[in-house]
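A.B. asks: Pasting in a structure now, in C-alpha cells, and then I'll have a few things to ask.
Here, each number is a calculation from the coordinates, and none is a lab measurement. What you see is a predicted model; the values in this text were computed from it and never measured. Cβ atoms come from the backbone with ideal geometry, glycine included; neighbour counts cover every protein chain shown.
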Amino acid sequence: MTDAPATDSDDQFDFEHTPETDQSFENALAKARDGDRLTVADGIELMTTGTDVSGIDPVRKEKVLEAADRRRAEMVGDDVTFVANLNNNVTTACNTGCLFCNFKNTAHQFESDYEGEHTGFTKTPAESREIVEDALETGIYEVTSVSGLHPAFVLNEEHREILERYDDPYAEVDYKPPEAYDTDPGTYVEQMRAMSVGGAHLHSMTPEEAYHARRGTDWSYEDVYRELKAAGLSSAPGTAAEILVPEVREVICPGKIGTDEWVEGMEGAVAAGLDVTATIMYGHVENEAHRVMHLKVIRDLQDRTGGITEFVPLSFVHQNTPLYDRGLVTGGASDDEDELMIAVSRLFLDNVENIQSSWVKFGNAKSLKLLNCGANDFMGTILSEEITKRAGGGYGEYRSFDDYVEMVSAIGRPPVERSTDYRERRRIDPDDGPHGPMLGPRADGTPMLSGRTEGTGSTARADD
Ligand SMILES: C[S@@+](CC[C@H](N)C(=O)[O-])C[C@H]1O[C@@H](n2cnc3c(N)ncnc32)[C@H](O)[C@@H]1O
Ligand SMILES: Nc1c(NC[C@H](O)[C@H](O)[C@H](O)CO)[nH]c(=O)[nH]c1=O
Ligand SMILES: N[C@@H](Cc1ccc(O)cc1)C(=O)O
Ligand code: SF4
C-alpha cells in the first residue's frame, strides 16, 4: 500500500462504504430546510451536492450553505463565541503511530541513552504548573492539554504497580519506568493537579489518553475519569475521533482505539460528570459517506448522553505527515469540502448547539467564511500550538481579543466571550476597546498579548 499511487481514494483503498444513495439532492435539501432529522443518505446527498452529479455543483453548494446558516441563526442566534485559553500539551512521546500525525515522536527518542536529536518535548508537572500560572496572569481561564501516550505515563501509583507486574511491560502494555527517560512526565493525576491551578478550567484527557490511563487494567472509563476529575479535570476533548468508521481507521490509525471504544470513553467521561467536545478529522483518505457516518455516531452519542458542548471539524493538515510522504494522499480538503463539512455538521447534528470554526486549521479568511456556513464558535486564543504547526500548517498560534473583535465585527456579528461550557457569556462592545478577557479568575478586561502571528508560524508575543 505504501507504494500505491495517490489516486482517487476509493479506487486505492477499495472501501466498502461509498457515497451512493437512493435519495435525491432535492429531497434531502427540502428535509434540511424543514428541520427534519436527516438520514445518512440525506447527509451524503448534501455533502456531495448530489450523487447524481460528479464533483461539487456550485449552485447546490450555496443552497446547502444557506440552509445551514439559517439553521445556525435559529438554533443559537448571531453571536460568535470564543474562549480565552492556553494550550499546554505535556509530551510528544507516543508509540501509537497514527499516519496523519506529525505531533508525535517515537518514545525511544526520549530515553536517556538515546544519542540522536529530536524536536519533541516532555514537561514535568512542576513545569506544567509554571506555564499555567504564567498564563493565568494574561487572563486566560481554560487550559487545554492533549498529549502523546508516553510509555512512562500512568494514571496514579496504583496503576504503575499494576503495569510493573507484567512480565514484559513495554511489549505488553507500552509501559517503561520514568527512570528510562530524560524527563519524567509524572502521573496523569499529578499533571491534572498541576494544571488545574488558580481556578483554571482544565480541558484534557481525550478518550485515547484515557485508554492509556487504564491500559493493562480492568478499570472502567467512568472510574478513570472520576479519578481525573477529583484531581482537577473539568471537561474532556473529543479528539482521537478522526473518522469513526473502522475501514478508515484501519488505514490512518491502526494503532488507535476503535470506534466503539472511543464512544465508550466519551460515555465514561459524561457518566463521571464531565462535559465533552466531539471532533472529526477529515480531508484525507475518507469519502463523503464516511464523513456522514461519523456524524451519525456523534448524533447517536449525543442522544444518549447530552454531554457534547461543541462539535469541531478539524481539516487534515497534510504537509509533513506520513500519509502524504507515502503517497496515500495528495493533499487535504478543498475549500468546497471544508464549507460543506461545516454546513452538513450543522444540519445533521440537530442536537449539538455549537459548531466550531478552527482558525488554526483554516486561517482567518476561511474560518470567517465558515461562520456564515453554519458555525457559531470561533475557538480560543490558545497562546501556543504544536499539532498543526508540526504537521506543516502556518496559521500561527495566537489570536488576541482585539483580533477576535475586529474579525467578528467585520462580518457584522456580535463578538461574545464564553466559558468553556458556554454557560457564561459576555457580549463585547466593539467600540469600547482595547479588549481583553473578563470571565477568568484573574481576568479584568486588560488585553492579553498583542501581535498577529498568522502566516508566520512564529511564537512572537510582545506584551500590549
Ligand atoms: C495530536 S492528538 C493528541 C492527543 C492524543 N494523542 C490523541 O490522539 O487523542 C490530537 C488530535 O490532533 C488531530 N491531528 C493530529 N494530526 C493532525 C493533522 N495532521 N491535521 C489535523 N489534525 C490533526 C487529531 O484529530 C488528533 O486526534
Ligand atoms: N479547533 C481547535 C481547537 N479547539 C479547541 C478550543 O480552543 C477550546 O479548547 C474548546 O472549544 C473548549 O473551549 N484547539 C486547537 O488547539 N486547535 C484547533 O484546531
Ligand atoms: N488539539 C486539537 C483540537 C481540539 C482540542 C480540544 C477540543 O475540545 C477540540 C479540538 C487539534 O489541534 O487538532
Ligand atoms: S494522534 Fe495522538 S495517538 Fe496518534 S500518533 Fe498523534 S499523538 Fe499519538
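A.B. asks: Only four residue types carry charge here, +1 at the Cβ of Lys and Arg and -1 at the Cβ of Asp and Glu. Report the dipole size of the chain about the Cα centre in Debye, rounded to the nearest 20.
C.D. replies: With Lys and Arg at +1 and Asp and Glu at -1, about 1040 debye.
A.B. asks: Follow-up. Can you tell me which of 138-144, 228-234 comes out highest on packing, and rank the rest after it, using the mean Cβ neighbours within 10 Å? Working shown, then result.
C.D. replies: On the way: 138-144: 25.0, 228-234: 20.9.
Sorting 138-144, 228-234 by mean packing, highest first, produces 138-144, 228-234.
A.B. asks: Test of understanding: extend the Cα→C-beta vector of ARG425 to 7 Å, then name every residue of the range 71-85 with backbone N under 18 Å from that spot.
C.D. replies: Under cut-off, by backbone N: 71-84.
A.B. asks: What does the charge dipole of the range 237-370 about its Cα centre add up to, to the nearest 20 debye, if the Cβ of each Lys and Arg holds +1 and the Cβ of each Asp and Glu holds -1? Numbers along the way, then the final one.
C.D. replies: Values: 11 positive and 21 negative charges, 56 e Å.
Magnitude of the dipole: close to 260 debye.
A.B. asks: Counting C-alpha atoms alone, how compact is the chain: give Rg to one decimal and Dmax as a whole number, in angstrom.
C.D. replies: Answer for the chain, Rg first and Dmax second: 21.6, 66 Å.
A.B. asks: Counting other beta carbons within 10 Å of each Cβ, put THR446, THR96, THR330 in order, fewest first. Intermediate values should be presented prior to the final figure.
C.D. replies: Values: THR446 16, THR96 20, THR330 12.
Fewest-to-most Cβ neighbours within 10 Å comes out as THR330, THR446, THR96.
A.B. asks: Answer with one residue from SER334, TYR395, LEU323: the one whose Cα lies farthest towards the positive end of the charge dipole of the range 317-412, charges on Cβ with Lys, Arg +1 and Asp, Glu -1.
C.D. replies: Checking the options against the dipole of the range 317-412, the answer is LEU323.
A.B. asks: Once you place label points 7 Å from the Cα toward the Cβ at ASN156 and ARG326, how far apart are they in nm?
C.D. replies: Those two pseudo-labels are separated by 3.9 nm.
A.B. asks: While we're here: Evaluate E = 1/(1 + (r/R0)^6) for THR106 and GLU164, where r is the Cβ-Cβ distance and R0 equals 22 Å; express this FRET efficiency to the nearest 0.05. Mind dumping the intermediate values first?
C.D. replies: Working: r = 22 Å, r/R0 = 1.00.
About 0.50, to the nearest 0.05.
A.B. asks: Just tell me, in residue order, which DSSP H segments of the chain are both 20 angstrom or longer along the helix axis (alpha-carbon based) and at least -1.0 in mean Kyte-Doolittle hydropathy.
C.D. replies: On the way: long enough: 58-76 (27 Å, -0.93); 288-305 (26 Å, -0.79).
Going by DSSP H runs, the hits are 58-76, 288-305.
A.B. asks: Further question on the same structure: Report the semi-axes of the equivalent ellipsoid for the range 227-318 in whole Å, largest first, where each axis is √(5λ) for an eigenvalue λ of the Cα gyration tensor.
C.D. replies: Values: eigenvalues 111, 36, 29 Å².
Semi-axes from the Cα gyration tensor: 24, 13, 12 Å.
A.B. asks: Find how many whole Å separate the alpha carbon centroid of the range 54-111 from the alpha carbon centroid of the range 187-264.
C.D. replies: 18
A.B. asks: Another question, then. Hey, could you grab the Kirkwood Rh for the range 9-76? Inverse mean 1/r over distinct alpha carbon pairs, Å, one decimal. It would help to have the intermediate numbers written out before the result.
C.D. replies: Numbers: mean 1/r = 0.0784 Å⁻¹.
About 12.8 Å, per the Kirkwood formula over Cα pairs.
A.B. asks: Still on this structure, please answer the following. Relative contact order, percent, of the range 66-134 when contacts are C-alpha pairs under 8 Å separated by at least 6 residues? List each step's numbers first, then the result.
C.D. replies: Details: 44 pairs, mean separation 20.7, N = 69.
The normalised contact order for the range 66-134 reaches 30 percent.
A.B. asks: Is there a pair in LYS256/LYS389; LYS61/LYS389; LYS63/LYS366; LYS31/LYS389; LYS31/LYS256 whose C-alpha atoms are over 28 Å apart, and which pairs would that be? Provide the component values of the computation, followed by the final result.
C.D. replies: Values: LYS256/LYS389 22 Å; LYS61/LYS389 30 Å; LYS63/LYS366 18 Å; LYS31/LYS389 40 Å; LYS31/LYS256 36 Å.
The pairs that break the limit, which is 28 Å between Cα atoms, are LYS61/LYS389; LYS31/LYS389; LYS31/LYS256.
A.B. asks: What is the sum of charges, Lys and Arg at +1 and Asp and Glu at -1, for the other residues whose Cβ falls under 11 Å from the Cβ of ASP36?
C.D. replies: Working: positive: LYS31, ARG33, ARG37; negative: ASP34, ASP42, ASP350.
Around ASP36, the surrounding residues sum to 0.
A.B. asks: At a 10 Å Cβ-Cβ cut-off, how would you order VAL83, VAL416, fewest neighbours first?
C.D. replies: Numbers: VAL83 25, VAL416 21.
The most exposed by this proxy come first: VAL416, VAL83.
A.B. asks: List residues of the range 330-349, by number, whose backbone nitrogen lies under 17 Å from a label position 7 Å along Cα→C-beta of ALA73.
C.D. replies: 343, 346-347
A.B. asks: Please give the Cα centre distance for the range 338-411 versus the range 11-36, rounded to the nearest Å.
C.D. replies: Centre-to-centre (Cα) distance: 26 Å.
A.B. asks: Determine, for each peptide in 161-171, 383-393, 54-64, the mean count of other beta carbons within 10 angstrom over its residues, then list the peptides with the highest first.
C.D. replies: Values: 161-171: 13.2, 383-393: 19.6, 54-64: 15.0.
Going by the mean number of other Cβ atoms within 10 Å, highest first, we get 383-393, 54-64, 161-171.
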